[in-house]
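Engineer: My questions all concern the structure below.
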């Protein structure tokens, strides 16, 4: 209401705040129905034994923590399988993620360098991102065909004299894990490169010019300017890659036909979970899901705290140096 010389006149105001809530409501409804409720149901069902015998529903029978105790009980050989498969998952993810981030960072620096001024960046961005568009199952079938005993890789190595006999790539742990890691690297390094490029392009170019004028070389500029300012984007990429790695399933599942050959050394946590969906106790699959959720949360929190602490320290030092200069 606004007062004027002729009296009091009402001025109608428009509140735009409600439209923001209206626009985000579909997301929260979808998340609540298709993600949050199933998560709570998974936790709830992990305390029950339930299965079908033909068309007859057996259970759910409350068993408490029995499903979890079974998961952490050693098998006849003395191996706790969930620990073994968790280690398999982390090893294969790390073997693919390390070169993924190194190559992605180098390419991001290469394509965003104002000094090099690379031409045709749109073409190169498209090319390096294309493997991410291929279905993981199709990628796995391609590698299975390439590295089979009658595949072209076998014939090339024999014709080059590298091998003098037929070699089974799927009989050795290091080769099968290497193929899984290579496929994960090829599928995801392009996506990581694009995200890191966007982060670097968002940094003020004047900071790079100032560092160069002060006599800093390329390595010093990267560690003292680029990386501290890029750290939030880098943390995001690392945590999302880690979450995807812990949930690794389709690549080793298709490549090894679900067997995790050799001797279960390429079976992941989600493959282990998927095996219980075909048994008579779905509650075990729920228990594994809860454990995967806990592992993801703990590792994500550790990575976030460690890298965020470095980012905050670097930002504080940068502000102190800037204050001293001013």
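The values are calculated or read from the model by the stated rules, or taken from the named source; none is laboratory data. Remember, it's a predicted structure, so these values are computed and weren't measured experimentally. Note: ideal-geometry Cβ built from the backbone for every residue, glycine included; neighbour counts use all protein chains shown.
Engineer: Among (1) modelled with pLDDT of 90 or more; (2) in a loop (DSSP other than H, G, I, E, B), where does residue 257 come up short?
Structural biologist: Just one mismatch for residue 257, condition (1).
Engineer: Take residue 29 and decide whether it is touching a helix residue (DSSP H, G or I) at 6+ places or on another chain (Cβ under 9 Å), part of a helix (DSSP H, G or I) and without any contact (Cβ under 8 Å) to a residue 60 or more places away in the chain.
Structural biologist: No.
Quick grid of which residues meet (1) in contact with a helix residue (DSSP H, G or I) (Cβ under 6 Å, 6 or more places away or on another chain); (2) buried (at least 17 other Cβ atoms within 10 Å of the Cβ):
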{"residue": "46", "(1), (2)": "yes, yes"}
{"residue": "49", "(1), (2)": "yes, yes"}
{"residue": "56", "(1), (2)": "no, no"}
{"residue": "63", "(1), (2)": "no, yes"}
{"residue": "67", "(1), (2)": "yes, yes"}
{"residue": "85", "(1), (2)": "yes, yes"}
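Engineer: Continuing with the same structure: Would you say residue 78 is under 18 Å from residue 277 (Cβ atoms), at pLDDT below 90 and either out of contact with any helix residue (DSSP H, G or I) (no Cβ under 6 Å at 6 or more places or on another chain) or surrounded by fewer than 11 Cβ atoms within 10 Å (Cβ to Cβ) (or both)?
Structural biologist: no
Engineer: Is it the case, given these coordinates, that residue 29 is under 16 Å from residue 289 (Cβ atoms) and surrounded by 10 or more Cβ atoms within 10 Å (Cβ to Cβ)?
Structural biologist: no
Engineer: Just to check your reading of the model, which residue among 306, 248, 242, 271 is modelled with pLDDT under 90 and out of contact with any strand residue (DSSP E or B) (no Cβ under 6 Å at 6 or more places or on another chain)?
Structural biologist: 306
Engineer: Please state which of the following conditions residue 198 fails to meet, knowing it meets all the rest: (1) crowded, with 18+ Cβ neighbours inside 10 Å; (2) closer than 30 Å to residue 142 by Cβ.
Structural biologist: It is condition (1) that residue 198 fails.
Per-residue answers, yes or no, for (1) crowded, with 18+ Cβ neighbours inside 10 Å; (2) in contact with a helix residue (DSSP H, G or I) (Cβ under 8 Å, 6 or more places away or on another chain); (3) farther than 30 Å from residue 172 by Cβ:
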site: 219; (1), (2), (3): no, no, yes
site: 223; (1), (2), (3): no, no, yes
site: 227; (1), (2), (3): no, yes, yes
site: 231; (1), (2), (3): yes, yes, yes
site: 235; (1), (2), (3): yes, yes, yes
site: 240; (1), (2), (3): no, no, yes
site: 245; (1), (2), (3): yes, yes, no
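Engineer: Answer yes or no as to whether residue 298 is within 17 Å of the chain's Cα centre (by Cα), surrounded by 14 or more Cβ atoms within 10 Å (Cβ to Cβ) and in a helix (DSSP H, G or I).
Structural biologist: So residue 298 does not fit the description; no.
Engineer: Further question on the same structure: Test of understanding: among 235, 225, 219, which residue is within 27 Å of residue 130 (Cβ to Cβ) and in a helix (DSSP H, G or I)?
Structural biologist: None of the other options fit; the residue is 235.
Residue-by-condition table, conditions (1) more than 28 Å from residue 256 (Cβ to Cβ); (2) modelled with pLDDT of 90 or more; (3) surrounded by 13 or more Cβ atoms within 10 Å (Cβ to Cβ):
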| residue | (1), (2), (3) |
| --- | --- |
| 104 | no, yes, yes |
| 119 | yes, no, no |
| 124 | yes, no, yes |
| 127 | yes, no, no |
| 144 | no, yes, yes |
| 159 | no, no, no |
| 175 | no, yes, yes |
| 181 | no, yes, yes |
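Engineer: Within region 63-79, identify whether any single residue is part of a strand (DSSP E or B) and touching a strand residue (DSSP E or B) at 6+ places or on another chain (Cβ under 6 Å), and answer yes or no.
Structural biologist: Taking region 63-79 and keeping what is part of a strand (DSSP E or B), we get none.
Checked against the condition, which is being part of a strand (DSSP E or B) and touching a strand residue (DSSP E or B) at 6+ places or on another chain (Cβ under 6 Å), region 63-79 yields no hits at all.
Engineer: Just to be sure, is residue 100 without any contact (Cβ under 8 Å) to a residue 24 or more places away in the chain and on the phi < 0 side of the Ramachandran plot?
Structural biologist: Working: without any contact (Cβ under 8 Å) to a residue 24 or more places away in the chain: no; on the phi < 0 side of the Ramachandran plot: yes.
It is false that residue 100 is without any contact (Cβ under 8 Å) to a residue 24 or more places away in the chain and on the phi < 0 side of the Ramachandran plot.
Engineer: Do we find that residue 111 is within 13 Å of residue 241 (Cα to Cα), surrounded by 13 or more Cβ atoms within 10 Å (Cβ to Cβ) and either in contact with a helix residue (DSSP H, G or I) (Cβ under 9 Å, 6 or more places away or on another chain) or at pLDDT 85 or above (or both) in this structure? Break it down stepwise before answering.
Structural biologist: Working: within 13 Å of residue 241 (Cα to Cα): no; surrounded by 13 or more Cβ atoms within 10 Å (Cβ to Cβ): yes; either in contact with a helix residue (DSSP H, G or I) (Cβ under 9 Å, 6 or more places away or on another chain) or at pLDDT 85 or above (or both): yes.
Taking the combined requirement at face value, the residue does not satisfy it.
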